[in-house]
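I have placed the structure first, in the form of structure tokens, so that the comments after it can refer back to it.
The values are calculated or read from the model by the stated rules, or taken from the named source; none is laboratory data. From a predicted model like this one, the values you see are computed outputs, not experimental measurements. Cβ: placed from backbone, ideal geometry, glycine included. Neighbour counts: every protein chain shown.
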Amino acid sequence: MPKYVYDTEYDVVVIGGGAAGKMAAYTAAKEGELKVALLEKMPETGGTSIYTEDLTAFNSIEQQERKTPPKFTGTPFDHYPTYAEGYARYMDYSHQRANPDVVRVQLYETAETVQFYRDLGAECVNVFVFAFNQPNELNTAHRYEGLGERMQELLLRATVNAGVDIFTSTPAQKILSNGGVVEGVEAVDSKGNKMLIGAKAVIIASGGFGNNPEMVKKYTWQHWTADYTSQCVPTQNTGDGLNMALELGADGTTAPGVVMNIPCAWGKLLTAHTTGAGIQPIVWANNRGERFANEEMGFSFMNAGSSFIKQPKGKVYAILDSAQAKYYMEEGSEISLGEFIVYNQKLTHLLAELDEAIKAGYAWKGDTVEELAGAIDDVNANALIATLKEYNEFCQDGVDKKFFKQAKYLRPLSKPPYYAIRMAASILTTIGGIRVNGDMQVTDENYDPIPGLYAAGNDASGLYGDTYNLDCPGTACGFAHASGRKAARHAIKIIKARN
Ligand SMILES: Cc1cc2nc3c(=O)[nH]c(=O)nc-3n(C[C@H](O)[C@H](O)[C@H](O)COP(=O)(O)OP(=O)(O)OC[C@H]3O[C@@H](n4cnc5c(N)ncnc54)[C@H](O)[C@@H]3O)c2cc1C
């Protein structure tokens, strides 16, 4: 006997309409011929998935056909990775905190996504690394014409054609259970009415908690600077899935706390030319007036993000002189942020954006280094002056004695005016939170599955230790698709066995 009276009933209810949710709903409807509802909080599906660029896959048809990766990327790997290399990379990078059962899903189930998009007519334009010159990257990044937006459009069409009922502006609020078995979902429909939907299985794919600063504070190691990070995209991934799962007894203590950070000019977009200049191998200082990293680290947005959030109040000042500004405007960037700032992109708006940021209080200018240091609102000016003097000496000697930046990037700050751009880590998304097994079943504190409950995509833990793994670029997006499909296939099996 059901515990609740339902307004409507489905076999499967999926919470969230990003890559994971749509792939789960599509699979359950198409392969399982099940009655499926997809609930999406926003007026449109897509979530953070529409912003993605790359999707990880191992041994995909695209890799098989290309045989070898492009040579221009700077990675020492001259072949597409084997499963064993992928396995080692996920386990080693996470210091063994990754769950091997989940890692295998990533290894064995991602190639199918590539075939899936090929069948839908998507064009894979390259299979390579994300950040050129990052020595550890494997060539797993599948990049598509039209990027994530196009892929999500194709996936949405397939999901609709498979017969899934999609309810937009309908946030799920609670997962209903009866004697420990999942029974349905409580949601609020687009008119604000409470709606009870019966279900034999519920798949949580609500995209993590990147848009919820309180949860970032509570669940991640960057709690002390959470107030000083911004959010990259105007999504509403506020951790609803994690909270609902915890309410049902899911274990949320083993692997939450993984944030995908990216460096960004404060208050600006990833595509801003101040962001583009700020990630170049110039000088980064914190508010103590000290350098804190080898600024080549911009090659890996993940590492730069982690490095930024360690600084007091998460504040970083990217400092350059007029010669460098001119170089990036006329010759182009040396470091990219994927498609947001591409390699050799001429940052033509830099000076105009700097003027604007100076007015807004997020950038500063000085005719001397002393004047610049004195202008910045929250920095130890004397320490900064000493740091910049020392940096110029390193440039003269061609040796960065503190952070070992390559000599080719050691350019003295010598041509006034000088500029400082306020930078900070910006949250792309969180990844992980709900512990799952290899079938994406949500598990309780004893590692036993909670019957009928699944998590996928950003909501599911198991691939990471403390940070996103950019050594296998496209990991989160690859996993979103693979884990959604995996969850649905298990739900199909269980539901069919019950009938
Ligand atoms: C700018 C940007 C670029 C990125 N680029 C990449 C990349 O190139 N490669 C990569 O691997 N990853 C990338 N990512 C990470 C991306 O988050 C993941 O790769 C993946 O696409 C996430 O899929 P998902 O389905 O888990 O979450 P999402 O796509 O975010 O979908 C979650 C959905 O759940 C909905 N939702 C939330 N709460 C509820 C609720 N209570 N009820 C109903 N619906 C709800 C949300 O509105 C959203 O639509 C990027 C992220 C950003 C922000």
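Quick check, is residue 54 surrounded by fewer than 20 Cβ atoms within 10 Å (Cβ to Cβ) and at pLDDT 95 or above? No; evaluated as a whole, the condition is false for this residue.
From 487, 456, 476, grab the single residue that is within 15 Å of the ligand (Cβ to nearest atom) and either within 22 Å of residue 129 (Cβ to Cβ) or among the hydroxyl-bearing types (Ser, Thr, Tyr) (or both). Show your work before the answer.
Values: 487 fails: either within 22 Å of residue 129 (Cβ to Cβ) or among the hydroxyl-bearing types (Ser, Thr, Tyr) (or both); 456 fails: either within 22 Å of residue 129 (Cβ to Cβ) or among the hydroxyl-bearing types (Ser, Thr, Tyr) (or both).
Residue meeting the stated conditions: 476.
A single member of 239, 180 is in the same structural domain as residue 459 (by TED's automatic domain parsing), buried (at least 23 other Cβ atoms within 10 Å of the Cβ) and touching a Gly at 6+ places or on another chain (Cβ under 8 Å), and it is 239.
Residue 74 meets the conditions (1) surrounded by fewer than 19 Cβ atoms within 10 Å (Cβ to Cβ); (2) at pLDDT 95 or above in every case but one. The failed one is (2).
Restricting attention to the range 438-477 and to residues that are touching a residue at least 24 places away in the same chain (Cβ under 8 Å) and of a type in the set (D, E, K, R), the residue that is farthest from residue 216 (Cα to Cα) turns out to be 439.
Among 188, 233, which is the only one that is farther than 17 Å from residue 19 by Cα and either within 11 Å of the ligand (Cβ to nearest atom) or buried (at least 19 other Cβ atoms within 10 Å of the Cβ) (or both)?
Values: 233 fails: farther than 17 Å from residue 19 by Cα.
From the options 188, 233, the qualifying one is 188.
Filtering the range 199-221 to residues that are modelled with pLDDT of 95 or more and not in a loop (DSSP other than H, G, I, E, B) leaves 201, 202, 203, 204. Based on this model, can you work out whether residue 287 counts as at pLDDT 95 or above, away from the ligand (no atom under 12 Å from the Cβ) and in a loop (DSSP other than H, G, I, E, B)? The answer is yes for residue 287. Only residues that are in contact (Cβ under 8 Å) with a residue 24 or more places away in the chain and not in a strand (DSSP E or B) were counted across the range 158-177, and they come to 9.
Inside the range 378-411, residues that are touching a strand residue (DSSP E or B) at 6+ places or on another chain (Cβ under 8 Å) and surrounded by fewer than 16 Cβ atoms within 10 Å (Cβ to Cβ) make up a count of 2.
With out of contact with any Ser or Thr (no Cβ under 7 Å at 6 or more places or on another chain) and of a type in the set (Val, Ile, Thr) as the only criterion, which of 15, 50 stands out? Even if it seems obvious, please write down each step before you answer.
Values: 15 fails: out of contact with any Ser or Thr (no Cβ under 7 Å at 6 or more places or on another chain).
Sole residue among the options that is out of contact with any Ser or Thr (no Cβ under 7 Å at 6 or more places or on another chain) and of a type in the set (Val, Ile, Thr): 50.
Each residue in the range 104-124 was checked for being surrounded by fewer than 22 Cβ atoms within 10 Å (Cβ to Cβ), in a helix (DSSP H, G or I) and of a type in the set (A, V, I, L, M), and 1 pass.
Quick one: how many residues across the range 250-267 are under 17 Å from residue 319 (Cβ atoms) and either within 15 Å of the ligand (Cβ to nearest atom) or outside any loop (DSSP other than H, G, I, E, B) (or both)?
The initial filter retains those residues of the range 250-267 that are under 17 Å from residue 319 (Cβ atoms), namely 263-266.
Of the ones still in play, those that are also either within 15 Å of the ligand (Cβ to nearest atom) or outside any loop (DSSP other than H, G, I, E, B) (or both) are 263-265.
Qualifying residue count, the range 250-267: 3.
For the range 191-214, the set of residues classified as more than 12 Å from the ligand (Cβ to nearest atom) and among the hydrophobic types (A, V, I, L, M, F, W, C) consists of 196, 199, 201, listed by residue number. Residues in the range 411-432 that are within 16 Å of the ligand (Cβ to nearest atom) and over 29 Å from residue 19 (Cβ atoms): 0 in all. Applying a threshold of 8 Å to beta carbon distances and a minimum spacing of six or more residues, or different chains, the list of pairs starting in the range 333-362 at a residue that is without any contact (Cβ under 8 Å) to a residue 12 or more places away in the chain and on the phi < 0 side of the Ramachandran plot and ending at one that is outside any loop (DSSP other than H, G, I, E, B) and not basic (Lys, Arg) reads 358/364.
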